[in-house]
Amino acid sequence: METQIYSIQTVEEALACIEAGADRIGLLVGPHDGPFPCAIDEETAKDIFTAIGDKAVKVLISVLDNEEEIIGQVKSLKPDVLHLCANYEGNPAFREKLRKEAPDVLLMEAVGVTGPEAIEVAREKAEFADMLILDTVSATVPGVGAAGITHDWDISRQIVEAVDIPVILAGGLGPDNVEEAIKHVRPFGVDSLTRTSVVEGGKIIRKDIDLVRQFCERARNAVK
């Protein structure tokens, strides 16, 4: 069971999460004072990815809105996975262009699990994406994700069964519910942002490494 931890903001935090058991480390690159939680600049992201090296899978969440800039960012930062969930959705032509410009980078497309219609959206995206991430749609954060609440896991399970590519389950997952979520959905991996973080005044401040460790341990226990 792959474990993915998001909202990483420093080298120290990334390495601590890996030590705690995280297989995948996600960075959101964007304006610090923008609408996306825990956004960091490209230089910070580059430092974090360099420090990670091959210790974990490096995931870039790009919130840019056009393919040329996104691919340029990928070529600069050299992630293992590009996660699209906000201002740009991929398509077959974009996937081919990404494959040509950055052949080793996998494309992960977000699917907002808002209702049964998400199953068809997932099928369509699975035609060109390398993997999917299923997440909750927030009323306050643009795009898909960062809601900190769960969605209908029955629909997520149907998506896992309907597509032939790896699926990561996200949306309000923490140490207290990750085992139940895995047993219900049977995804390839699980993701946590809000519920493995220290939140003050409604803002994510940093990762809670003890919660990250618990999350990773319980995720792996669920498939033993």
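The values are calculated or read from the model by the stated rules, or taken from the named source; none is laboratory data. Computed from a predicted model, the values in this text were never measured in an experiment. Positions of Cβ are backbone-derived with ideal geometry, glycine not excepted, and every protein chain shown enters the neighbour counts.
The residue that is surrounded by the fewest Cβ atoms within 10 Å (Cβ to Cβ), counting only those in the range 95-105 that are acidic (Asp, Glu) and in contact (Cβ under 8 Å) with a residue 12 or more places away in the chain, is Asp104. Restricting attention to the range 51-61 and to residues that are of a type in the set (A, V, I, L, M, F, W, C) and under 16 Å from the mean Cα position of the chain (by Cα), the residue that is modelled with the lowest pLDDT turns out to be Ile61.
Yes/no per residue for (1) in contact with a strand residue (DSSP E or B) (Cβ under 6 Å, 6 or more places away or on another chain); (2) at pLDDT 90 or above; (3) at positive phi:
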position	(1), (2), (3)
Val63	no, no, no
Ile70	yes, yes, no
His83	yes, yes, no
Phe94	no, yes, no
Arg99	no, yes, no
Pro103	no, yes, no
Leu107	yes, yes, no
Ala118	yes, yes, no
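Is it the case that the range 214-222 has a residue that's at positive phi and surrounded by fewer than 19 Cβ atoms within 10 Å (Cβ to Cβ)? No, the range 214-222 contains no residue that is at positive phi and surrounded by fewer than 19 Cβ atoms within 10 Å (Cβ to Cβ).
Annotation note: of Ala45, Ala16, Ala51, the sole residue that is in contact (Cβ under 8 Å) with a residue 12 or more places away in the chain and within 15 Å of Ser197 (Cα to Cα) is Ala16. For the range 72-94, the condition holds for at least one residue, the condition being that it is in contact (Cβ under 8 Å) with a residue 60 or more places away in the chain, in a loop (DSSP other than H, G, I, E, B) and not charged (D, E, K, R). Selection over the range 169-214 of residues that are β-branched (Val, Ile, Thr), more than 21 Å from Ala122 (Cα to Cα), part of a strand (DSSP E or B) and touching a helix residue (DSSP H, G or I) at 6+ places or on another chain (Cβ under 8 Å) gives a count of 1.
Do we find that Val137 is under 18 Å from the mean Cα position of the chain (by Cα) and within 25 Å of Arg195 (Cα to Cα) in this structure?
In short, yes.
Run down Glu2, Glu69, Glu12 and say which single residue is surrounded by fewer than 22 Cβ atoms within 10 Å (Cβ to Cβ) and in contact with a Gly (Cβ under 6 Å, 6 or more places away or on another chain). Answer to the selection: Glu2.
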